[in-house]
Amino acid sequence: MNPNNQAFFETFFYQVPDAALKIVVLHARNTLWLNQRRLAALFGVDRTAIIRHFQNIFITAELDEQAVCAPFAQTGLDGKTYPIRFYNLDAIIAVGYRINSKKATQFRLWAYQVLSGFTIKGFVLENDRAQAVTSPGKSYFDNLRDRIRAIRTSEKQCYQKITAIYEECSIDYAQDAVITKEFFRTVQNKLHWAVTGKTAAQIIAERAKATVRHMGLQTWKNAPIGKIVKSDVNIAKNYLAEKEMKALRRIVTMYLYYAENQAARQIPMKMQDWIDKLDSFLQFNEYKVLKDTGAITPEAAKQLAEDEYQQYKTALLLNP
């Protein structure tokens, strides 16, 4: 496909939410395209910021510049035709992640809806056509699988891996959305409840004991021979036995493989989908699913643990 041939692309107008601004978006090669000027307008930043982000993206080899950029013939004010560099949806999303703005999220959702319309009509995502396209770059779902694999093999904590999936793999992700804040607040409790039948606050309140070895902690920041400090006693994971930690890791690993499989099957997921699927996933694997916030508040658990810690520290001073 020749990107300079006007016959091979269609024009859409994207209405920027909360602004009297429409941006011309091109559809070609089974994806959407914007130039630097339109990207700057879309995200509400200066064009130099867009250029800087792309330089970092290409220098770090996150994306192949030749795969995500193409010259499109555009007519100037003088009536002459000039080749203008455009960037495809993969590149647009990559910049959007760095800017992390509400506008970036809104555009991702709109773009998916536009491309879905073509998919339903049979115009795009056909395997034979996809193979025939020259230099298409990785598809959205290929990049998604790469991100999921990176999360799965990272050194993030179990809970952080789940929230990373939600953040990086929701097509409509919005950092400030109420649903996001609620999910980030409850995901840790959902996992603790599945493994122990207790929320994080309940684990802390019930297992923090000044009179038992290491205050009931199974691990802490300076373990195994370093001192226990106050911050250690307020982390529920520190009280989990080895068997419980292994169960927690298994749940997260299976869920991440599930997420990768969704991407492999090219199934787009929204924020609410990930929340619903986590509960369904736990239920399918016969784990308990948390339905409320638990019987004790995090504030109360923190106070109980710190009171026990003071007693524990006093006992150590009296019996060094």
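Every number in this text was worked out from the coordinates using simple rules, so none of it is lab data. Worth saying up front: this structure is predicted, and the values here are computed from it rather than measured. FYI the Cβ positions are ideal-geometry reconstructions off the backbone, even for glycines, and counts take in every protein chain you see.
Both radii come from the Cα set of region 140-318: Rg as radius of gyration, Rh as Kirkwood radius; their ratio Rg/Rh reads 1.03. About the centre of its Cα atoms, the chain shows a dipole size close to 480 debye [charges on the beta carbon of Lys, Arg (+1) and Asp, Glu (-1) only; nearest 20 debye]. Of Lys209/Lys237; Lys243/Lys302; Lys161/Lys181; Lys190/Lys221; Lys190/Lys277; Lys190/Lys313, which sit over 21 Å apart, Cα to Cα? Check vs 21 Å cut-off fails for Lys243/Lys302; Lys190/Lys221; Lys190/Lys313. Among Ile225, Ile296, the ranking by other beta carbons within 10 Å of each residue's beta carbon, starting with the fewest, stands as Ile225, Ile296. Size descriptor for region 18-103, Kirkwood hydrodynamic radius: 13.6 Å (Cα pairs only, one decimal). Each of Tyr239, Tyr255, Tyr82 was scored by other Cβ atoms within 10 Å of its Cβ. Listed from fewest to most, they are Tyr82, Tyr255, Tyr239. Our helix-only sum for the chain, with -39,500 (n - 2.57) per DSSP H run of n ≥ 4 divided by its residues, gives a mean residue ellipticity at 222 nm of -17000 deg cm²/dmol. Going by alpha carbons, how many degrees (0 to 90, nearest 10) lie between the helix axis of 102-121 and the longest principal axis of the chain? The answer is roughly 60 degrees. Among Val289, Val195, Val45, which one shows the highest mean-square fluctuation when the chain is modelled as a Gaussian network with alpha-carbon springs under 10 Å? Maximum fluctuation in the GNM of the chain, among the listed residues, is at Val45. Against the chain, whose longest principal axis comes from its Cα atoms, helix 242-264 is set at around 10 degrees. Scaling the Cα radius of gyration of the chain by the globular reference 2.2 N^0.38 Å produces a ratio of 1.27. Bridging of Lys288 to aspartates and glutamates at a Cα separation below 16 Å is possible for Glu244, Asp276, Asp279, once same-chain residues fewer than 8 apart are set aside.
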